[in-house]
Amino acid sequence: MTQRVLTGITTTGTLHLGNYVGAIRPAIAASLEAGVESFFFMADYHALIKCDDPARIARSRLEIAATWLAAGLDTDRVTFYRQSDIPEIPELTWLLTCVTSKGQMNRAHAYKGAVDANVAANEDADAGITMGLFSYPILMAADILMFNAHRVPVGRDQVQHIEMARDVAQRFNHLFGQGHDFFVLPEAAVEADMALLPGLDGRKMSKSYDNAIPLFEGGSAGLQEAIARIVTDSKLPGEPKDPEGQALVTIYDAFASPAQRQDFRAALRAGLAWGEAKKQLFELVEAQIGPLRARYAELMAHPDHIEAILQTGAAKARALAAPLLAELRQAVGLRSFSTAAVIAVQAKSAKATLPLFKQYREADGRFYFKLNAADGSLLLQSQGLDSGRDAGQWVARLKREGAAALGEAPVQRAEGITAADVEAALAELKQASEG
Ligand code: TRP
């Protein structure tokens, strides 16, 4: 079965080298694997939670779209779209919101972090906190569940959100599925190097630490200038240097082949000057990023072209989202009043209440099965059997052969139940499984 992989990028800022190495590059590589169906999107509804500057939102989503395309995303292969082009996502968000417990959202890291900061600052606990921030994980769950993604590549800080998406999926399935699962339970995929590219000061590269190396912004000169600011120790040229734990070396590794990594370390141990090491790092990164930057500039000069690509992506995504959402609306009771539609729903729910075999184990350690009528009343009761397998085989045979197997089956009719009752129930089951 194909694995669906889905990830989104919040469109609030400009991308840095850490986003490229930690998210974009591995996502594009994974999208080329056989048996993988990828969904990548601009999380622009999420962006509104963090940013109320329309110009910045507009610019960022264009830049991020252009970045993915420049990095080599094959939009024939993957489904690439803006979250805000899929109206089914906010609609699903509401359905999920109605089955999400507030207590669980209280424990979401982003919200809790904001509350803790307020409390520490002697502010009202919820000062400056919007419902958008509070409900952030539910919107994210809708992003994921809308497309039944199996795998969600994210940074470590997002793992809790994936767990919340699983919980809400499970709850929805349980409440409305009648044994049918609408939603796949997604798994977080935290890549080893994801989000771990260090910034100029050695801490995780992040805009909020102001230690980021821009991906395209500032061009080749900007890249060189940022690399020059990477913090190193103060060993002089010619002095042996310990490469381990140096941000510069870790960034080098992210772009180097195994042989290059070895050579670079050896050169540092032999006394390579930090200035020279930075020059080598710049050349290595520029050789890979330079061509992407050129494609990026070309794309940014033709926003209509990007718009067309995203419209195609939205149509592809909605072709999947709309039918699932229609099913979900039915399931929760948002149904058409037209007679034909009502009859179809009745037929479906009648089917959902067929006679039912149940297998179980009693305190005596033996295995049993029974057949209940659609209304739950007992029709047939088995004797105790030695194994669950025996019980399973009898159930299978009764389902398959119907009343013909009754003579041999180790079962007894419940009080007041006639042979005709049992035969009718078995025939009904058989017919349902055949039709
Ligand atoms: N919250 C994610 C982040 O900030 C972005 C995001 C939104 C996302 N929806 C998603 C990631 C769904 C994966 C799946 O990084």
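The values are calculated or read from the model by the stated rules, or taken from the named source; none is laboratory data. Please read these numbers as outputs of a predicted model, since none were measured by experiment. Don't worry about glycine lacking a Cβ; one is built from the backbone with ideal geometry, like all the others, and counts go over all protein chains shown. Please note that ligands, DNA and RNA were not included when accessible areas were found on the heavy atoms of the full protein model with its side chains. Shrake-Rupley method; radii C 1.70, N 1.55, O 1.52, S 1.80 Å.
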>> Quick test of your reading of the structure: LEU284 fulfils all but one of (1) open to solvent by less than 40 Å² (accessible area, probe 1.4 Å); (2) assigned by TED's automatic domain parsing to the domain that holds VAL422. Name the failing condition by number.
In response: (2)
>> So for the stretch 263-270 (the condition being open to solvent by less than 40 Å² (accessible area, probe 1.4 Å), assigned to a loop (DSSP other than H, G, I, E, B), over 27 Å from GLU217 (Cβ atoms) and of a type in the set (Gly, Ala, Ser)), does at least one residue qualify?
In response: no
>> Condition check: touching a helix residue (DSSP H, G or I) at 6+ places or on another chain (Cβ under 6 Å) and surrounded by fewer than 19 Cβ atoms within 10 Å (Cβ to Cβ). Does ALA71 satisfy that?
In response: yes
> Across the stretch 380-389, what is the total count of residues that are surrounded by 16 or more Cβ atoms within 10 Å (Cβ to Cβ) and out of contact with any strand residue (DSSP E or B) (no Cβ under 6 Å at 6 or more places or on another chain)?
Replying inline: 0
>> I'm trying to understand the selection: among the residues of the stretch 48-79, which are of a type in the set (A, V, I, L, M) and within 25 Å of ILE129 (Cα to Cα)?
In response: LEU48, ILE49, ALA55, ILE57, ALA58
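A quick yes/no check of all residues on (1) open to solvent by 60 Å² or more (accessible area, probe 1.4 Å); (2) of a type in the set (Phe, Trp, Tyr):
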position: PHE337; (1), (2): yes, yes
position: PRO355; (1), (2): no, no
position: GLU415; (1), (2): yes, no
position: VAL422; (1), (2): no, no
>> With the requirement that a residue be under 9 Å from the mean Cα position of the chain (by Cα) and either under 12 Å from THR7 (Cα atoms) or more than 10 Å from the ligand (Cβ to nearest atom) (or both), what does the stretch 162-184 give you?
In response: ILE162
>> Condition (residue is out of contact with any strand residue (DSSP E or B) (no Cβ under 9 Å at 6 or more places or on another chain) and within 14 Å of the ligand (Cβ to nearest atom)) applied to the stretch 68-78: is it met by at least one residue?
In response: no
> Filtering the stretch 9-21 down to residues that are within 10 Å of the ligand (Cβ to nearest atom) and crowded, with 23+ Cβ neighbours inside 10 Å, which residue is farthest from PRO153 (Cα to Cα)?
Replying inline: THR11
> Inside the stretch 123-161, can you point out the residues that are away from the ligand (no atom under 14 Å from the Cβ) and of a type in the set (Gly, Ala, Ser)?
Replying inline: ALA125, ALA127, GLY128
